[in-house]
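These notes concern the structure reproduced below.
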Ligand code: NAP
Ligand code: GCO
């Protein structure tokens, strides 16, 4: 008999996952749909989102899948789409702030544009989207906010100072959300992936030296797959985490445990 615990059941819940046209966000959308949630995918390209929505439906027959095209760095687009989701699809019970980019450069040579684009997309966006969604959750006295942090919320490496600063800030923004919004029934936590095989890391995966280094640096001895983040995300999105707040749940193959 298949085992299922109602604590992890997301039936009747609606989840907005930013940056879910591909990669980790798309994997999380499939995983939450499989746990019963209706999912709303987000990205900047309508046709790419339509393809992603079809992939979720193919992976999870019968899943309720919507799309919301907006740039997570543009407050007006966020406000418009959050209002449309809440009034024409369903109240947002679960928000996963997942959209993110990488612009690598040595710090002393990094352009202002490379800095600002990463901080805007990987940190400020979470402030903007959460500011649009959280008041509605607070009015309902319930909500789950999950911010996709990174092992770079704790450590850095050369050429990603912008990214590490953003993800470090995202860890503290997650805690700040918990401190202000827990009393209103919201649980705000972070998901901290290690090195995962996605488009964002294609150049690293294809680099023999880096590949060898990260497999040696990670106790599990390998890269992670986006699907390996689903269990932690369903936990943080479900009633199983109703007394968990301000925590970053790392899914990193043991990387942060090792010197
Ligand atoms: P990815 O495959 O490059 O996907 C990035 C996603 O973000 C895409 O869906 C993209 O959508 C979306 N996006 C980018 N800028 C956006 C914007 N301004 N507005 C709306 N959507 C935007 O990367 P990934 O590896 O899945 O990364 C997802 C998240 O996980 C990021 O926050 C990343 O920092 C984090 N993370 C990744 C790893 C890893 O090893 N891969 C580890 C730790 C944390 P469109 O381009 O279609 O708009
Ligand atoms: C890099 C990578 C990392 C990973 C991830 C690790 O250039 O080192 O892009 O930043 O994507 O964030 O958790």
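Can you tell me which condition residue 200 does not meet? The list is (1) near ligand 2 (Cβ under 10 Å from one of its atoms); (2) surrounded by 14 or more Cβ atoms within 10 Å (Cβ to Cβ); (3) over 25 Å from residue 17 (Cβ atoms), and all the others hold.
Just one mismatch for residue 200, condition (3).
Take residue 162 and tell me if it is within 13 Å of ligand 1 (Cβ to nearest atom), more than 15 Å from the chain's Cα centre (by Cα) and buried (at least 21 other Cβ atoms within 10 Å of the Cβ).
Considered against the rule, which asks whether it is within 13 Å of ligand 1 (Cβ to nearest atom), more than 15 Å from the chain's Cα centre (by Cα) and buried (at least 21 other Cβ atoms within 10 Å of the Cβ), residue 162 comes out as yes.
Only residues that are within 16 Å of the chain's Cα centre (by Cα), over 29 Å from residue 5 (Cα atoms) and either part of a helix (DSSP H, G or I) or touching a residue at least 60 places away in the same chain (Cβ under 8 Å) (or both): list them for the stretch 23-48, please.
The answer is none; no residue qualifies.
Before we move on, is residue 132 more than 14 Å from residue 98 (Cβ to Cβ) and more than 14 Å from ligand 1 (Cβ to nearest atom)?
Against the criterion (more than 14 Å from residue 98 (Cβ to Cβ) and more than 14 Å from ligand 1 (Cβ to nearest atom)), residue 132 does not qualify.
Cβ-Cβ distance below 7 Å, separation of 6 or more or different chains: which pairs start in the stretch 141-168 with a residue that is farther than 29 Å from residue 238 by Cα and at pLDDT 95 or above and end on one that is more than 8 Å from ligand 2 (Cβ to nearest atom) and part of a loop (DSSP other than H, G, I, E, B)?
Hits for this filter: 158/106; 159/105; 159/106; 161/110; 162/103; 162/110.
Condition (residue is more than 16 Å from ligand 1 (Cβ to nearest atom) and over 28 Å from residue 161 (Cβ atoms)) applied to the stretch 71-81: is it met by at least one residue?
no
So how many residues does the stretch 102-142 have that are over 14 Å from residue 188 (Cβ atoms) and within 16 Å of ligand 2 (Cβ to nearest atom)?
17
The values are calculated or read from the model by the stated rules, or taken from the named source; none is laboratory data. Not measured: the values here are computed from a predicted model. All Cβ positions, even for glycine, are placed from backbone atoms using ideal geometry, and neighbour counts span all protein chains on display.
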